[in-house]
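S.K.: Have a look at this one.
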Amino acid sequence: MRWSNYYLMTAREAPRDAEVVSHQLMARAGLVRRLAAGIYTMQPAGWRTMRKLMAIVRREMERAGAVELSMPAIQPAELWEESGRWFKYGAELLRMEDRHGRRFCFGPTHEEVITDLVRRDVKSYRQMPLNLFQIQTKFRDEIRPRFGLMRGREFIMKDAYSFDTDEEGLDRSYQAMYGAYSRIFEACGLEYSVVEADQGAIGGSSSHEFMVLADTGESAVASCAACGYGANVERAEIGDLPRPAAAGDSADGDEPRRVSTPGATTVAEVAGMLEVDRALVIKTLIYETDDGLAAVAIRGDREVNEVKLLNVLGGLGLRLASAEQVAEATGGSLGFSGPVGLSADVRLVADESVRSLNGFVCGANAGDEHLVSVRWDRDVASVRPLEWVDVMTAEASDPCPRCSGGVLRISRGIEVGHIFKLGTAYSESMNCTFTDEQGRQRPAEMGCYGLGIGRTAAAAIEQGHDDDGIVWPVPLAPFTVVLSSLDPGDEAVRSAADGLYQELEAALAPGGFDVLYDDRRERPGVKFKDADLVGFPVRVVVGARSLRAGGAEVSSRQDGGREVVPLDEVSDFVLGRLRQHV
Ligand code: ATP
Ligand code: MG
């Protein structure tokens with residue numbers, strides 16, 4: 001491809017809304033252009049990267065036995081009502097009506113459509129296992145579209161769905177996808193890790209996320225270097241925390257003591273005023289849930305994990321109760337809530353970590369007062385229902401839940417893929433059944449497997465860039481090689497460069513590599529800057545000077561090393577370089 005015929009325009013400035021480096025560089029390198037919030041045009045060079053990535057994904061999906069199909073983006077509401085998600089999915093689901101008033105949505109995912117397809121075609125255990133995939137445009141009306149392709153509203157996803165006759169079959173399908181995803185991210189040249197993920201409202205028995213580690217990632221990952229445990233912080237378990245220093249059974253007397261703590265609404269203030277360890281002050285937060293109010297008690301020095309909490313409390317969402325709701329439920333003001341004397345209408349859950357604390361401090365549900373020397377058994381469990389749960393957010397240096405002696409590290413990652421054992425959630429609600437060997441009707445065991453195409457490309461840039469621009473891994477670069485002719489007006493240079501272009505194209509194509517010939521009438525400085533910005537892995541420069549030095553100058557974007565190579569050896573030299581990379 002000649003750059004003079006191509007559509008690749010770079011820009012000096014990044015758009016103002018571009019917060020992360022991948023978004024800035026994709027925009028500056030002319031790869032994507034914003035049309036509206038979270039909606040992007042893939043410009044030709046950006047689309048080339050996507051196509052290369054999609055080719056890798058297709059190859060590995062097919063290798064793992066998945067079969068490609070293509071489903072519609074627009075889906076009828078009835079299917080979503082059958083699965084129960086028309087209301088559950090919430091505002092992320094873009095709904096619309098046609099001219100006849102029939103309701104549709106723009107698919108954010110395709111469980112409903114695939115289940116409807118398979119239930120019509122598959123009747124017998126003999127037709128399974130099946131794994132169907134597509135690479136297709138989704139729409140999710142994200143509350144905060146940002147970071148360019150990383151969290152768009154319209155985006156391309158590879159989604160696959162497996163159907164098996166039993167759980168062992170599902171395990172095999174799941175493992176095949178686990179392997180395929182690992183090969184995909186390896187083939188892309190990305191550093192990634194696989195972590196346990198939250199299963200959310202759908203339930204299911206297992207779920208893993210593939211994370212590209214990067215500081216700008218929106219996900220936090222807890223991992224243990226000692227045993228390899230890794231989980232999204234939304235789900236991460238925590239080993240046994242040391243008991244706080246003074247957690248004796250100091251609950252002397254027959255009942256808790258009331259103390260005045262004027263103005264002390266934070267744990268730190270209460271702990272300071274009463275001169276106790278923050279871990280001994282129990283924090284009680286009141287949440288509004290789909291089923292009324294719930295109170296959660298947790299160590300004062302720790303944070304509630306709202307994903308874990310939602311899994312415990314059930315329903316579609318939760319939010320902290322207002323001051324008025326707190327006053328009504330507890331009789332006290334915000335910041336002075338506690339488990340003792342809480343209205344019986346309020347569901348009370350307490351984090352396991354506070355179970356061993358007896359003789360703790362908590363809010364008195366009365367203005368400006370706290371209780372000290374409180375006991376769970378005597379003061380709470382004896383008078384009202386109380387549930388012990390795990391709702392704590394893992395923090396760096398927490399003990400590992402899986403091995404003894406290991407500690408958790410928290411790092412940031414970009415979730416590029418998500419594999420999920422759905423079980424029979426959809427096949428039951430949507431009646432996707434088959435006849436088993438004994439002639440009984442059974443729901444299919446399903447799995448679903450998503451991979452973000454644009455997000456993966458963005459993650460590659462987060463992982464590969466420097467001050468001058470993108471440093472693509474070879475397999476994802478829009479073009480593998482840029483051939484820059486520095487003096488296109490000079491006849492000798494032009495004919496050498498033209499010849500080299502023909503040769504490089506012929507030599508590189510069989511290996512799946514490609515070359516962009518920068519034959520533009522631009523100054524050398526512009527060409528060098530653009531080549532660095534777009535991030536072609538290999539640059540070949542031909543100019544009057546390089547010809548005098550004996551050929552063309554070949555350099556690598558990654559390490560900057562450059563060498564003059566005789567013209568007739570350039571193709572082999574470049575090919576050798578590229579083979580080392582992939
Ligand atoms: P997130 O927690 O980031 O919102 P999700 O759990 O909603 O992700 P899935 O439903 O598992 O995502 O989607 C599968 C894959 O699709 C994700 O792993 C990600 O790569 C991609 N993806 C999801 N939402 C977006 C988005 N808004 N923009 C770009 N890619 C996305
Ligand atoms: Mg999401």
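S.K.: What's the number of the only condition in (1) under 30 Å from L117 (Cβ atoms); (2) away from ligand 2 (no atom under 16 Å from the Cβ); (3) not hydrophobic (A, V, I, L, M, F, W, C) that H418 fails to meet?
M.R.: Every listed condition holds for H418 apart from (2).
S.K.: Could you run through segment 89-106 and say how many residues are within 14 Å of ligand 2 (Cβ to nearest atom) and surrounded by 11 or more Cβ atoms within 10 Å (Cβ to Cβ)? Even if it seems obvious, please write down each step before you answer.
M.R.: Of segment 89-106, the ones within 14 Å of ligand 2 (Cβ to nearest atom) are 89-94.
So of that shortlist, the ones also surrounded by 11 or more Cβ atoms within 10 Å (Cβ to Cβ) come out as 89-90, 92-94.
Result for segment 89-106: 5.
S.K.: Could you tell me whether segment 67-84 includes any residue that is within 16 Å of ligand 2 (Cβ to nearest atom) and outside any strand (DSSP E or B)? Talk me through it step by step, then tell me what you get.
M.R.: First pass over segment 67-84, keeping only residues within 16 Å of ligand 2 (Cβ to nearest atom): none.
No, segment 67-84 has no match at all.
S.K.: Tally the residues that are part of a loop (DSSP other than H, G, I, E, B), among the acidic types (D, E) and within 20 Å of E387 (Cβ to Cβ), restricting the search to segment 285-318. Before the answer, list the steps.
M.R.: Here is the first cut: in segment 285-318, the ones part of a loop (DSSP other than H, G, I, E, B) are 290-291, 300-303, 305, 314-317.
Of the ones still in play, those that are also among the acidic types (D, E) are 290-291, 301, 303.
Checking which are within 20 Å of E387 (Cβ to Cβ) leaves us with 290-291, 303.
Number satisfying all stated conditions: 3.
S.K.: Then there's this: Regarding L69, is this residue closer than 15 Å to Q134 by Cβ, in contact (Cβ under 8 Å) with a residue 40 or more places away in the chain and either buried (at least 16 other Cβ atoms within 10 Å of the Cβ) or touching a Leu at 6+ places or on another chain (Cβ under 6 Å) (or both)?
M.R.: On the way: closer than 15 Å to Q134 by Cβ: yes; in contact (Cβ under 8 Å) with a residue 40 or more places away in the chain: yes; either buried (at least 16 other Cβ atoms within 10 Å of the Cβ) or touching a Leu at 6+ places or on another chain (Cβ under 6 Å) (or both): yes.
When the stated conditions are applied, L69 passes them.
S.K.: May I ask you to list the residues in segment 7-29 that are surrounded by fewer than 21 Cβ atoms within 10 Å (Cβ to Cβ), touching a Leu at 6+ places or on another chain (Cβ under 7 Å) and not basic (K, R)?
M.R.: T10
S.K.: For residues that are crowded, with 20+ Cβ neighbours inside 10 Å and not acidic (D, E), scanning just segment 114-124, find the one that is farthest from the chain's Cα centre (by Cα).
M.R.: Step one: of segment 114-124, the residues crowded, with 20+ Cβ neighbours inside 10 Å are 114-116, 118.
If we keep only those that are not acidic (D, E) as well, we get 114-115, 118.
Details: I114: 23, T115: 25, V118: 28 Å.
Ranking the candidates gives V118 first.
S.K.: A further question on this structure: For segment 103-130, enumerate the residues that are away from ligand 1 (no atom under 16 Å from the Cβ), out of contact with any helix residue (DSSP H, G or I) (no Cβ under 8 Å at 6 or more places or on another chain) and either more than 22 Å from R442 (Cβ to Cβ) or of a type in the set (F, W, Y) (or both).
M.R.: Y125
S.K.: Just one of the numbered conditions (1) at pLDDT below 95; (2) out of contact with any strand residue (DSSP E or B) (no Cβ under 6 Å at 6 or more places or on another chain); (3) buried (at least 16 other Cβ atoms within 10 Å of the Cβ) is not true of A225; which one?
M.R.: Unmet for A225, out of (1) at pLDDT below 95; (2) out of contact with any strand residue (DSSP E or B) (no Cβ under 6 Å at 6 or more places or on another chain); (3) buried (at least 16 other Cβ atoms within 10 Å of the Cβ): (3).
S.K.: I need the full set of residues from segment 1-16 which are without any contact (Cβ under 8 Å) to a residue 24 or more places away in the chain and not hydrophobic (A, V, I, L, M, F, W, C), in order please.
M.R.: N5, R12, E13, P15, R16
S.K.: Going by what's in this entry, would F147 be described as within 16 Å of ligand 2 (Cβ to nearest atom) and either closer than 25 Å to M50 by Cα or crowded, with 16+ Cβ neighbours inside 10 Å (or both)? Walk me through how you get there before you give the answer.
M.R.: On the way: within 16 Å of ligand 2 (Cβ to nearest atom): yes; either closer than 25 Å to M50 by Cα or crowded, with 16+ Cβ neighbours inside 10 Å (or both): yes.
It is true that F147 is within 16 Å of ligand 2 (Cβ to nearest atom) and either closer than 25 Å to M50 by Cα or crowded, with 16+ Cβ neighbours inside 10 Å (or both).
S.K.: Between residues in segment 80-98 that are at positive phi and residues that are within 16 Å of ligand 1 (Cβ to nearest atom), which pairs lie under 9 Å by C-beta distance while being six or more apart or on different chains?
M.R.: Listed pairs, sorted by first residue: G90/L316; G90/G317.
S.K.: Something else: For segment 176-220: of the residues being surrounded by fewer than 22 Cβ atoms within 10 Å (Cβ to Cβ), within 12 Å of ligand 1 (Cβ to nearest atom) and charged (D, E, K, R), which is nearest to C448 (Cα to Cα)?
M.R.: Going through the qualifying residues, I end up with D198.
S.K.: Only residues that are within 13 Å of ligand 2 (Cβ to nearest atom) and either touching a helix residue (DSSP H, G or I) at 6+ places or on another chain (Cβ under 6 Å) or free of Cβ contacts under 8 Å to residues at least 12 places away in the same chain (or both): list them for segment 133-144, please.
M.R.: R140, D141, R144
S.K.: If we scan segment 191-198, do we find a residue that is within 18 Å of the chain's Cα centre (by Cα), in contact (Cβ under 8 Å) with a residue 12 or more places away in the chain and within 16 Å of ligand 2 (Cβ to nearest atom)?
M.R.: Just the residues of segment 191-198 that are within 18 Å of the chain's Cα centre (by Cα), to begin with: 191-198.
Next, from what is left, pick out any that are in contact (Cβ under 8 Å) with a residue 12 or more places away in the chain: 191-198.
Remaining after also requiring within 16 Å of ligand 2 (Cβ to nearest atom): 197-198.
Yes.
S.K.: Please enumerate the residues belonging to segment 319-331 that are modelled with pLDDT of 90 or more, outside any helix (DSSP H, G or I) and either buried (at least 20 other Cβ atoms within 10 Å of the Cβ) or not aliphatic (A, V, I, L, M) (or both).
M.R.: R319, A321, S322
S.K.: Go through segment 395-414 and give me each residue that's away from ligand 1 (no atom under 16 Å from the Cβ), hydrophobic (A, V, I, L, M, F, W, C) and under 20 Å from E209 (Cβ atoms).
M.R.: Result: A396, C400, L408, I410.
S.K.: Residues that are more than 21 Å from M54 (Cβ to Cβ) and touching a Leu at 6+ places or on another chain (Cβ under 8 Å): which strands (runs of 3 or more DSSP E) entirely in segment 432-498 hold 1 or more of them? Full working, then the answer.
M.R.: Details: elements: 433-435, 441-443, 445-452, 481-485.
Counting at least 1 such residues, we get 445-452, 481-485.
S.K.: Mind listing whichever residues of segment 150-185 are within 16 Å of ligand 2 (Cβ to nearest atom), farther than 19 Å from R33 by Cβ and of a type in the set (A, V, I, L, M)?
M.R.: M157
S.K.: Can you work out which of the residues in segment 415-460 that are more than 14 Å from ligand 1 (Cβ to nearest atom) and hydrophobic (A, V, I, L, M, F, W, C) is nearest to A77 (Cα to Cα)?
M.R.: By that ranking, first place goes to M430.
S.K.: Considering each of G543, G535 in turn, give the residue that is touching a residue at least 12 places away in the same chain (Cβ under 8 Å) and at positive phi. Explain how you work it out, then say what you get.
M.R.: Numbers: G543 fails: at positive phi.
Criteria check complete, one pass: G535.
The values are calculated or read from the model by the stated rules, or taken from the named source; none is laboratory data. As the structure is a prediction and not an experimental result, all values here were calculated from the model. In this analysis, Cβ positions are derived from the backbone assuming ideal geometry, glycine residues included, and neighbour counts consider all displayed protein chains.
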